[in-house]
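See structure below.
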Amino acid sequence: MVVPETQDKMYYPPEDLQRDAHVPDFNSYLALYRKSLDNPEAFWKDIADEFFWKKPATGPMLQYNFDVTKGSIYVKCMEGAKTNMCYNVLDRHVREGNLGDKVAYYWEGNSPDRHETITYRQLLSQVCRCANVLKQMGVKKGDRVSIYLPMIPELVYTMLACARIGAIHSVVFAGFSSESLCERIMDAQSSVLVTADGVFRGEKLINLKQIADEALQKCREKDSCSVTKCVVVKHHVLRTRSGAACNKLQTPWDAEYDVWWDEAMTDSPEECEPEWLDAEDPLFILYTSGSTGKPKGVLHAVAGYLLYTSLTFKYVFDHHHDDVFWCTADIGWITGHSYITYGPLANGATSVLFEGIPVHPHVGRFWEIIEKYRVSKFYTAPTAIRLLMKYGREPLQKYDLSSLRILGTVGEPINPEAWQWYHEAVGQGRCPVVDTFWQTETGGHVLAPLPAATPLKPGSATFPFFGVEPTILNEHGEELEGEAEGYLVFRRPWPGIMRSVYRNHERFENTYFKKFPGFYVTGDGCRRDKDGYYWITGRIDDMLNVSGHLMSTAEVEAALAQHPSVAEAAAVSRPHTVKGECLYCFVTLKDSREFNRTLEEELKRLVREKIGPIATPDFIQNAPALPKTRSGKIMRRILRQIARNDHDLGDLSTLADPKVVEVLFSQRREAAA
Ligand code: WT7
């Protein structure tokens, strides 16, 4: 890697940003990057020195085996050390750092007249009280707590309370269905569930407690239910109710299990000694889609995740004390875990915690919030940018966006038009756009520019972060040098990489390490250009990315197949101008069943119920038969081409019955169902 010399259109870091940046130019990046690979021990030791360790490490900063042929896969960071995540992100600032009165979060509700300010001292106090509530319920180190909450302060309180007492949190995105919640509770075997009465998402009131109850009921039907207590935040009733809407909400109650959050918290003491954990003890589980359809419980460990989220936050957003940071993701996804909860708090940062959606009550909501809190670093997803682009520049012009210094994107490849608009219309041409590539599994950014150091090419996540060694392999596992395209893999771990799939280490090894021994396989395709820039080309497995949410075609197919009229289903991805990709589904019906509008609606509803609204198919096509190989395997490549109306089908010789394809083309759906 050298300082790039290229004919491509490049965007160079603004000088005023470079003046006080942590990494002020490309040569500094290169030097630090070299150090991080050549001497990882010294590199990570320096970072660890900023944190509190009850006991120092006895082992090296990083130890690992990445080669399945040589034994079990493992990664260990700072073995022997004792610490506590919550102590490091809160007590350290309040007790040692004098940041007690600094704002940790500006909470902004779904409705613009609802907001709260939470300082580090207040946050610590709420977290300790919540920790004592959990302890009182019998939650101990290593126990799992499922959290099904909207974007409200209690979500952060509960996560950090778990971290404080050594319980493992499993946050489930509050847009998931009762079925998905049930599956995640059963896999984690959680003893406590924390939820809320209800929440407005835009205009829509959602009865979360009812969904949570349905999930617990499903757990009981399938097996015995591990949950013994359900803590319910009175969010809707106490914070957001307005007139008639409140009366519509009935909160189902079971006195044996259910406890109101505010009642439990009232007498709970503010003192709670942190549980001193081993560096490698688990911090949390977060479920992510797997290509087999069953979600994987991605497991992260305390010390490595602390070091990595903290450092990536500091460098990639060039964090400074007076910044106001805003990540628009939901904490139900890894982006929120790493860059709303842990990374910013580890740095003593001030963040916006936003409950609402970009277009409620008007399409300028994001820009209004940026002006209101003087946001300096803004982090969102390409799908949100594309959505807001549709409304043009007018909504932006009503607000003062001069506080912005750095813009970030995450979740999927960003198309050049969206990048340009983000840079020009939102950033007014003066803010670098950091395109951050990473995964639930990686814990934090693994490919990303540093805003004052890296010349940008729109659409490229540029270069590896410190400690990360990417390479590109071909189908045979051979490494490709220079300009190349193939599988994106990593040759060695960094502190924040996942440690296992919860209760299924074998699945961890099979999913990420089996295909190319010696490498962690991301599942993404990637191109390296002549200047060494990395460009993510998208998933190369049976996964798709709808509005930045990864899902597997298998889980959608499994949901469709549950309909009594469906004999067989196949789901593929089709490009979508706002969502990036969307679901196009083919269904073969059982004999004598008729394909009509009602069935279409039923099928869409079924997928929503089984997985959640984000997985609602855009297209459902009747398929008298599916294209299959002679051995009976569905040829998804062909279905993808039909969905895209791409007639350039190439070799069809492996197809059992080529006529099937013509029929499917003739019945193709153009307009969304
Ligand atoms: C997958 C991971 C990491 C937080 C959000 C998603 C895609 C993510 C980018 C990017 C191109 C990206 C990849 C990856 N992805 N960021 N900047 N450019 N693609 O987390 O649900 O674990 O999904 O999202 O395909 O593998 P996730």
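The values are calculated or read from the model by the stated rules, or taken from the named source; none is laboratory data. All figures in this text were calculated on a predicted structure; none of them were measured in a lab. Here the Cβ positions follow ideal geometry from the backbone for every residue, glycine too, while neighbour counts run over all protein chains shown. These area figures cover heavy atoms from the full protein model, side chains too; ligands, DNA and RNA do not enter into them. Shrake-Rupley method; radii C 1.70, N 1.55, O 1.52, S 1.80 Å.
Computed with every protein chain present, the accessible area of Arg605 is close to 130 Å² [probe 1.4 Å]. Separation of region 122-200 from region 454-476 is 35 Å, based on Cα centroids. Distances between placed amide hydrogens fall under 5 Å for Thr251 paired with no residue 5 or more residues away or on another chain. Which of rounded, prolate or oblate describes region 460-596 when judged by the alpha-carbon gyration tensor and an a/c cut-off of 1.5? Prolate, because a/c is 1.5 or more and a/b exceeds b/c.
For region 129-140, 3J(HN,Hα) computed residue by residue from phi via the Karplus equation (6.51, -1.76, 1.60; θ = phi - 60°) reads 5, 5, 4, 5, 4, 4, 4, 4, 7, x, 6, 10 Hz, glycine and proline entered as x.
Summed over the residues of the chain and divided among them, the accessible surface reaches 38 Å² per residue at a probe radius of 1.4 Å. With θ taken as phi - 60° and the Karplus curve 6.51 cos²θ - 1.76 cosθ + 1.60 applied, the whole-hertz 3J(HN,Hα) list for region 556-566 is 5, 4, 4, 5, 4, 5, 6, 6, x, 8, 8 Hz, x standing for glycine and proline. Which shape class, rounded, prolate or oblate, goes with region 587-673 when its Cα gyration tensor gives a ≥ b ≥ c as root eigenvalues, a/c under 1.5 marks rounded, and past that a/b bigger than b/c marks prolate? Because a/c hits 1.5 or more and a/b exceeds b/c, region 587-673 counts as prolate. Find how many whole Å separate the alpha carbon centroid of region 269-345 from the alpha carbon centroid of region 30-106. Comparing the Cα centres of region 30-106 and region 269-345, I get a distance of 13 Å. Classify the chain: rounded, prolate or oblate, from the alpha-carbon gyration tensor (a ≥ b ≥ c, eigenvalue square roots; a/c under 1.5 rounded; otherwise prolate if a/b is larger than b/c)? Judged from the Cα gyration tensor, the chain comes out rounded (a/c under 1.5). Less than 5 angstrom separates the built amide H of Val434 from those of Leu407, Gly408, Thr409, all sequence-distant by 5 or more or on a different chain. Cross-link check: pairs Lys82/Lys135; Lys248/Lys372; Lys218/Lys515; Lys140/Lys229 evaluated at a Cα-Cα cut-off of 25 Å; pairs beyond the cut-off: Lys248/Lys372; Lys218/Lys515.
In this structure the amide hydrogen of Thr350, modeled in the peptide plane, comes within under 5 Å of the amide hydrogens of Phe325, none closer than 5 places in sequence on its chain. Ligands, DNA and RNA left out, the accessible area of region 439-574 computed with a 1.4 Å probe is 45% carbon and sulfur. Ellipticity at 222 nm from helices only: DSSP H runs of n ≥ 4 in the chain, each -39500 (n - 2.57), divided by the residue count, give -8000 deg cm²/dmol. Relative contact order of the chain, taken over Cα pairs closer than 8 Å and 6 or more residues apart, is 14 percent. The Cα center of region 622-673 and the Cα center of region 531-561 differ in position by 20 Å. Pairs Lys398/Lys579; Lys590/Lys628; Lys294/Lys590: which are spaced more than 23 Å apart, C-alpha to C-alpha? Too far apart for the 23 Å limit: Lys398/Lys579; Lys294/Lys590. With θ taken as phi - 60° and the Karplus curve 6.51 cos²θ - 1.76 cosθ + 1.60 applied, the whole-hertz 3J(HN,Hα) list for region 14-24 is x, 5, 5, 6, 5, 3, 10, 7, 5, 10, x Hz, x standing for glycine and proline.
When peptides 106-117, 335-346 are ranked by their average number of other Cβ atoms within 10 Å per residue, the highest-first order is 335-346, 106-117. Within the same chain, aspartates and glutamates fewer than 8 places from Lys35 are excluded, and of the rest, those with a Cα less than 13 Å from its Cα are Asp46, Glu469. Heavy-atom accessible area with a 1.4 Å probe sorts Glu601, Glu15, Glu412, largest first, into Glu15, Glu601, Glu412. Excluding same-chain neighbours fewer than eight residues apart, the lysines reachable from Lys530 by a Cα-Cα span under 17 Å are Lys9, Lys457.
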